[in-house]
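These notes concern the structure reproduced below.
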Amino acid sequence: MVNAGVSGDTSAGGLSRLDWSLEGDVRVLVVELGGNDGLRGLPVESLKQNLTEIITRAKRRGIKVVLTGMEAPPNFGASYTAEFRRVYRDLAKDHDVTFVPFYLEGVAGNPALNIADGIHPNAEGSRIVERSIWRAVEPLLEKNPAASTSLGAGRSGTR
């Protein structure tokens with residue numbers, strides 16, 4: 001498992017690192033991008049284009065994709081928030097990929113599970129996120145213990 005995430009990165013940054021992230025024997029790609037797009041109020045269409053390209057290129061190489069959804073903060077308005085949420089759901093359906101609707105489910109908004117910034121999970125919150133993502137990834141892995149399995153996953157989304 002390799003974490004190719006970069007703190008503060010956007011979906012555009014993840015796309016820019018995609019070729020490097022997919023080098024080698026990558027079998028599964030966890031795409032966990034978009035949180036910073038939403039925090040910055042970046043155009044939803046750009047998020048959609050970036051994620052579409054990531055998913056398409058990975059699937060073209062025979063890599064299984066897990067797409068993790070994110071929520072935009074409400075300060076950009078109900079329309080932006082709804083469009084942002086819809087991007088993930090539509091992409092998961094359109095590209096037939098494994099989907100985790102909100103990877104911070106059960107963690108977001110809970111001060112006991114986040115660091116002082118109120119946005120990023122602390123160690124306990126990270127364990128909850130890890131279990132949620134693992135439930136999506138595990139069924140995609142080879143079951144033969146003798147087989148070598150390379151798993152690509154990223155905190156912010158590529159590899």
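The values are calculated or read from the model by the stated rules, or taken from the named source; none is laboratory data. This structure is a prediction, so every number in the text was calculated from the model and none was measured. Ideal geometry is used to build each Cβ from the backbone, glycine not excepted, and the neighbour counts take in all protein chains shown. Areas reflect the complete protein model, heavy atoms only, side chains present, ligands, DNA and RNA absent. Shrake-Rupley method; radii C 1.70, N 1.55, O 1.52, S 1.80 Å.
Considering only residues that are surrounded by fewer than 16 Cβ atoms within 10 Å (Cβ to Cβ) and either touching a residue at least 24 places away in the same chain (Cβ under 8 Å) or assigned to a helix (DSSP H, G or I) (or both), which ones fall in segment 90-99? Full working, then the answer.
Here is the first cut: in segment 90-99, the residues surrounded by fewer than 16 Cβ atoms within 10 Å (Cβ to Cβ) are 90, 93-94, 96.
Within segment 90-99, Asp90, Lys93, Asp94 qualify.
If a residue must be farther than 16 Å from Ala72 by Cβ, part of a helix (DSSP H, G or I), open to solvent by 60 Å² or more (accessible area, probe 1.4 Å) and not hydroxyl-bearing (Ser, Thr, Tyr), how many such residues does segment 1-46 contain?
Count: 2.
List every residue pair whose Cβ atoms lie under 6 Å apart, where the two residues are 6 or more positions apart in sequence or sit on different chains, the first residue falls within segment 100-123 and is open to solvent by 40 Å² or more (accessible area, probe 1.4 Å), and the second residue, located anywhere, is not in a loop (DSSP other than H, G, I, E, B).
Listed by first residue and then by second, the contacts come to Gly106/Ile128.
Those residues that are open to solvent by less than 60 Å² (accessible area, probe 1.4 Å), in contact (Cβ under 8 Å) with a residue 24 or more places away in the chain and outside any loop (DSSP other than H, G, I, E, B), I need them from segment 61-89; list them, please. Break it down stepwise before answering.
Step one: of segment 61-89, the residues open to solvent by less than 60 Å² (accessible area, probe 1.4 Å) are 63, 65-73, 77, 80-82, 84, 87-88.
Those left that are additionally in contact (Cβ under 8 Å) with a residue 24 or more places away in the chain: 63, 65-73, 80, 84, 87-88.
Once the filter is applied, which keeps residues that are open to solvent by less than 60 Å² (accessible area, probe 1.4 Å), in contact (Cβ under 8 Å) with a residue 24 or more places away in the chain and outside any loop (DSSP other than H, G, I, E, B), segment 61-89 yields Val65, Val66, Leu67, Thr68, Tyr80, Phe84, Val87, Tyr88.
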